[in-house]
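The values are calculated or read from the model by the stated rules, or taken from the named source; none is laboratory data. Remember, it's a predicted structure, so these values are computed and weren't measured experimentally. In this analysis, Cβ positions are derived from the backbone assuming ideal geometry, glycine residues included, and neighbour counts consider all displayed protein chains.
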Amino acid sequence: MNVEKESTSLASLFDGEELNIKAVNKHIWTLALPSLIELLLATLFGMVDMVMVGNVSTASLAAVGISNQPMMLILAVFQALNVGTMALVARFMGTGDRQSSYLVLKQTIILAMLLGIITSIIGFVCAHRVVTFMGAEPDVIPLAKSYFSIVSSGAFFVAVTMGVSAALRGAGDTASPMRYNLLANFINVFGNYMLIYGKLGFPALGVTGAALSTTISRGLAMIMALYTVFRPNSLFSLPAPPKRLIDVDLMKRMLKIGLPSGVEQLALRTGQVEFARTTASLGTTVFAAHQIALNVVGLSFAPSQAFSIAATTLVGQSLGANRPDIAEKCGLETRRLGMMVAASIATLFFFFGKQIANIYTNDPEVALMAAGALKIVAIMQPLQSTQFILAGALRGAGDTVWPLFSTMIGIWCIRVVFAKIFISMGFGLMGAWMAQLLDQLFRSIFIYARYNSEYWKTIEV
């Protein structure tokens, strides 16, 4: 990547003092498209993962689904680091301070390694307790324990990769994370083929094989990520990089921004765990349908996530360049583009939900229930898109407390509570997903109101 080009990219958005909307849209797409491709294909790879596991048995599918929720909880620990990293790197790149950006990267890697080691050990040791707590059926527990113990052992790899990726995205490089993460996913699918089904001379390990393949591919992704930032002529390379290993002030600033996001992710993931436990109480068949819908929902959310990354970068860099007016316009324009793409994908899931569900399972009952849930997923896309993208803009400004409030109230006071109420009233899986729709409605209103307040423009980071 051309460092000079990246460092002056904001200047290209203006015609004199006037904002060039066409240039803004082009820049948004430059940032969002690699992330969108990465997220869409990663989700598709995840779908392939689930299909490959589901072809072994329904119990295997449920085992992976039960394990995925607490794994997301582990990864939430790293989110605090990533948000602070991305926001600060964007600010420093906006001011042209590449040395400080390099120091942020170093602090990120150090903290990621520490947190990664701790969470890997805890996940491996507590695997049986975790899957039991998740409400796994007796036939699912051994499979879920095996999968979770192996995958959680690789949390170290994920922590470092996520940290490096956050730094790159804050600097405006969304293409590099796309490349090494997609390559890792290709390796994972090939590894699944060998280890799940016992191909090319390898034993057929089923769910255990899927876990091993996932962990190996994550380790390779970490190696590629580190090479990306430390190779000669990288975006973070300097003629004379600072030699000090630890910068306490920068760590404090990273954590000041990131800790609310870390708590937010913790609240989100624990809420999702409780939501999953509530749904699991409906039985293995219903939970399998629920897991299919959750797997597919990531695909429909990918545009919002990609444009959220673009919003974080643009808002952070604009505020770093002391242009809060441009920051506001970039946030709103990013939301507009993101909603257009999300609506298109939502249409696909609304009308072809049953066909998509049939890819995962041969059970017509499971497919029918999953298709019903996907209709609700499609309906909530405009809401999800608004709160995702504008929350990303707020995080780029360092305003991470209000997204925290939004998530805590939405997930725990609305989604979890109403899921229990609707299920107790006999609405089953559809009741659970209606509760998620109400959650997204609340959060979209809450975040939109905060963005319109413009207070975020004055936050010091």
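So here's what we get for this one:
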| item | result |
| --- | --- |
| Members of the stretch 320-355 found to be outside any helix (DSSP H, G or I) and among the basic types (Lys, Arg), listed by number | Arg323 |
| Which numbered condition Ala42 misses (of (1) among the small types (Gly, Ala, Ser); (2) over 16 Å from the mean Cα position of the chain (by Cα); (3) surrounded by fewer than 21 Cβ atoms within 10 Å (Cβ to Cβ)) | (2) |
| Ser100 being hydroxyl-bearing (Ser, Thr, Tyr) and surrounded by fewer than 20 Cβ atoms within 10 Å (Cβ to Cβ) | yes |
| Leading residue by the ranking (modelled with the highest pLDDT) among those in the stretch 128-166 that are closer than 22 Å to Thr278 by Cβ and of a type in the set (Gly, Ala, Ser) | Ala144 |
| Options Ala62, Ala87: the member that is assigned to a helix (DSSP H, G or I), within 25 Å of Val401 (Cα to Cα), hydrophobic (A, V, I, L, M, F, W, C) and at pLDDT 80 or above | Ala87 |
| In the stretch 112-171, the residues that are on the phi > 0 side of the Ramachandran plot and hydroxyl-bearing (Ser, Thr, Tyr) | none |
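Let's see how each residue does on (1) of a type in the set (Phe, Trp, Tyr); (2) surrounded by 24 or more Cβ atoms within 10 Å (Cβ to Cβ); (3) within 22 Å of Phe92 (Cα to Cα):
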{"residue": "Arg269", "(1), (2), (3)": "no, no, no"}
{"residue": "Thr278", "(1), (2), (3)": "no, no, no"}
{"residue": "Ser281", "(1), (2), (3)": "no, no, no"}
{"residue": "Val286", "(1), (2), (3)": "no, no, no"}
{"residue": "Gln291", "(1), (2), (3)": "no, yes, no"}
{"residue": "Val297", "(1), (2), (3)": "no, no, no"}
{"residue": "Phe301", "(1), (2), (3)": "yes, no, no"}
{"residue": "Ala311", "(1), (2), (3)": "no, yes, yes"}
{"residue": "Gly316", "(1), (2), (3)": "no, yes, yes"}
